[in-house]
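The values are calculated or read from the model by the stated rules, or taken from the named source; none is laboratory data. Everything numeric in this text was worked out from a predicted model, so none of it was measured. Neighbour counts run over all protein chains shown; Cβ positions are idealised from the backbone, glycine included. Protein only, heavy atoms only, side chains kept; ligands, DNA and RNA dropped before computing areas. Shrake-Rupley method; radii C 1.70, N 1.55, O 1.52, S 1.80 Å.
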Amino acid sequence: MTAANELSCQELVELVTDYLEGALSPADRARFEAHLATCRGCTAYVEQMRLTIRLVHRLSADTLAPDARDELLRTFHDWKAGR
């Protein structure tokens, strides 16, 4: 693999959702996994994303305290508004 084909850490972060959803092309998946094979930081990041997804799937609106729900909604609203 040439340096021009190597994936940077920033590119990996931008592609992680597609990777975890199996939506990358075979070539991009190979580049992604080649980067993971040599980058401990990105490997840890992908594992954290997997864990987060597993934990979030366990949440339901009934399990959140009203204050926590309101704070999450505020946070997402602010994020979407670019604040």
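Just a few scattered comments:
- Every test in (1) touching a helix residue (DSSP H, G or I) at 6+ places or on another chain (Cβ under 8 Å); (2) in contact (Cβ under 8 Å) with a residue 12 or more places away in the chain is passed by Arg69 save one, and that test is (2).
- Selected residue (criterion: farthest from the chain's Cα centre (by Cα)) from residues of the stretch 19-30 that are of a type outside the set (Gly, Ala, Ser) and open to solvent by less than 60 Å² (accessible area, probe 1.4 Å): Asp28
- Pairing each residue of the stretch 37-57 that is open to solvent by less than 70 Å² (accessible area, probe 1.4 Å) with any residue that is part of a helix (DSSP H, G or I) and among the β-branched types (Val, Ile, Thr), provided the two are 6+ apart or on different chains, yields C-beta distances under 9 Å for Cys42/Val13; Cys42/Val16; Tyr45/Val13; Tyr45/Val16; Val46/Val16; Met49/Val16; Met49/Thr17.
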